[in-house]
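The values are calculated or read from the model by the stated rules, or taken from the named source; none is laboratory data. All of these numbers come straight from a predicted model, not from anything done at the bench. Please note: Cβ atoms are built from the backbone with ideal geometry, for glycine as well, and neighbour counts cover all protein chains shown. Just the protein is used for accessible areas: all its heavy atoms, side chains included, with ligands, DNA and RNA removed. Shrake-Rupley method; radii C 1.70, N 1.55, O 1.52, S 1.80 Å.
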Amino acid sequence: MTETPTPLPPTVVKLGGSCLADLDGGWWDDLAEHGRERPLVLVHGWSKPLKQLSPRYSEPSAILRDRYGNQSRWTTPEVIEDIKTVSAELGGEVLRRLEQRGIAAERLLGSDGLVSAGAGERWWWKDKQLVELENLVGPITGVDPAPLTKLEPGRAYLVTPLARNAAGQEVNTDADRAAAAIAGATGATDLILVTDVAHLLIDGEPVREITAQAAAEFRDKGATGGMRKKLRAAGEALDRGVERVVIGSAPVTDLLAARTGTVITRT
């Protein structure tokens, strides 16, 4: 009797919203070459396209800080719709680039049965007061990979990292952490966080390799902004069984080969 071949685990790639428009044709050629050998799951950000949609998304009032000091985009039902609008446009461009290079691609909303979220924080600082606000965000509580039905070489999924909570509401989630959760749920060995910086920097020096523990210590003591979230996502991915996380701005095969970027491992 012929044995069924063991499915190849996907490579999960988070495409930073701040750098997506800057990835050139050679970068996409490289991704497609890798995608002919491994299934791809791409998770995209939307920060830059959302700011381009309306100037109000660049205003300080668009960002909230909770009582623990964590930042979040103030997300209303209108913001969810704007996220969907810019995601549909950039998603169409990503799918076009992949299909031009022979990769069959499909876009999914995480909120369509893929990503689940828990209850979000309700107390936020506004006008120097801690007030109760409905902010449609939530921590990721689970990923059901069932919608990813065709994880095979030559195919890619592009995921918009919205989620659905227990009340059935569509909520905003952090794209890096969504990618980490999806990588763990799909058995991925590698998570690639593509961003607009070449390496993690500590004391101004590029870091080529670092353990999860050392990365977590730096995250809590010295990392700021988007890098702090990336290091948190890296730790979560490794806790979920991913073997390594790579942060950088180079083509995917260069990052996987550790020719550049920062590699984060459990030990």
task = Provide a single number: the residues in the stretch 46-63 that are of a type outside the set (Ser, Thr, Tyr), over 22 Å from Glu93 (Cα atoms) and either at pLDDT 95 or above or in a helix (DSSP H, G or I) (or both).
result = 4
query = What do you reckon, is Leu130 open to solvent by 40 Å² or more (accessible area, probe 1.4 Å), outside any strand (DSSP E or B) and of a type outside the set (D, E, K, R)?
reply = no
query = (1) assigned to a loop (DSSP other than H, G, I, E, B); (2) open to solvent by 30 Å² or more (accessible area, probe 1.4 Å); (3) more than 16 Å from Thr141 (Cβ to Cβ): which one isn't true of Leu201, the others all being true?
reply = (1)
request  = Find all pairs meeting these conditions: Cβ atoms under 8 angstrom apart; at least six residues apart or on different chains; first residue within the stretch 198-211 and free of Cβ contacts under 8 Å to residues at least 60 places away in the same chain; second residue open to solvent by 40 Å² or more (accessible area, probe 1.4 Å) and β-branched (Val, Ile, Thr).
outcome  = Thr211/Thr267
ask   = Can you name the residue in the stretch 157-193 that is closer than 17 Å to Leu255 by Cβ and part of a strand (DSSP E or B) and, of all such residues, is most open to solvent (accessible area, probe 1.4 Å)?
value = Asp190
ask   = Identify, please: which residue in the stretch 31-55 is touching a helix residue (DSSP H, G or I) at 6+ places or on another chain (Cβ under 9 Å) and within 13 Å of Gly154 (Cα to Cα) and is, among those, surrounded by the fewest Cβ atoms within 10 Å (Cβ to Cβ)?
value = Glu33
query = Any residue at all in the stretch 79-86 that is part of a loop (DSSP other than H, G, I, E, B), within 19 Å of Asp176 (Cα to Cα) and in contact with a helix residue (DSSP H, G or I) (Cβ under 7 Å, 6 or more places away or on another chain)?
reply = no
ask   = Would you call Lys128 free of Cβ contacts under 8 Å to residues at least 40 places away in the same chain and not aromatic (Phe, Trp, Tyr)?
value = yes
